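These notes are about the structure you will find just below.
The values are calculated or read from the model by the stated rules, or taken from the named source; none is laboratory data. From a predicted model like this one, the values you see are computed outputs, not experimental measurements. Methodologically, a virtual Cβ is constructed for each residue, glycine included, from the backbone with ideal geometry; neighbour enumeration extends over all protein chains shown. Protein only, heavy atoms only, side chains kept; ligands, DNA and RNA dropped before computing areas. Shrake-Rupley method; radii C 1.70, N 1.55, O 1.52, S 1.80 Å.
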Amino acid sequence: MKVSDVPLELTDKIFQIKFNSDQSVEKIISYFPLSEQERLMINSISGQDSFSNFNSIFSDTVSDEEWNKTKEQIKKRFQNELFDIDN
């Protein structure tokens with residue numbers, strides 16, 4: 001699987017995808033927990049039907065509507081906080 005294989009509305013919710021040396025998906029980290037349907041979509045695209053190593057930065061669940069309204073703020077704030085860790 002390549003990141004470009006994942007639909008944009010889903011990659012937007014993903015912070016990081018880690019791959020194994022054979023290019024299979026090792027771990028997916030999203031901003032908020034992905035829905036069951038989104039997980040199934042990723043498994044289908046990756047060809048790894050039993051993949052389950054989904055993680056999220058935040059534990060709250062948000063609707064697509066909430067995500068679309070606030071995603072830029074959330075991403076910017078998260079990136080800023082990451083950079084401030086070194087200070």
| field | Per-residue HN-Hα couplings for region 8-18 [Karplus 6.51, -1.76, 1.60; θ = phi - 60°; Hz; x = Gly/Pro] | value | 3, 5, 8, 5, 4, 8, 9, 7, 7, 10, 9
| Which angle from 0 to 90°, rounded to the nearest 10, does the C-alpha axis of helix 36-46 make with the longest principal axis of the chain? | 60
| task | Take the Cα of Ser44, step 7 Å along the line toward its Cβ, and report every residue of region 59-76 whose backbone nitrogen sits under 20 Å from that point. | result | 64
| Cα-based shape type of region 14-53, given that a ≥ b ≥ c are square roots of the gyration tensor eigenvalues and the cut on a/c is 1.5 | oblate
| field | Accessible area (Å², per residue) of region 1-60, counting only protein heavy atoms and a probe of 1.4 Å | value | 60
| said: Once you place label points 7 Å from the Cα toward the Cβ at Asn53 and Lys27, how far apart are they in nm? | reply: 0.7
| Rounded tilt (10° steps) of 64-84 against the dominant C-alpha axis of the chain | 70
| remark: Residues whose modelled amide H sits under 5 Å from the amide H of Gln48, counting only those 5 or more places away in sequence or on another chain, are none
| task | Using a 1.4 Å probe and counting only protein heavy atoms, arrange Glu81, Glu65 so the residue with the most accessible area comes first. | result | Glu65, Glu81
| Which trypsin sites (Lys or Arg not before Pro) in the chain pass both tests, a DSSP loop state and at most 13 other beta-carbon atoms within 10 Å? | Lys2
| remark: Hydrodynamic calc, the chain: Kirkwood Rh from Cα pairs, then Stokes-Einstein at 10 °C with viscosity 1.306 mPa s, so D in µm² s⁻¹ is 115
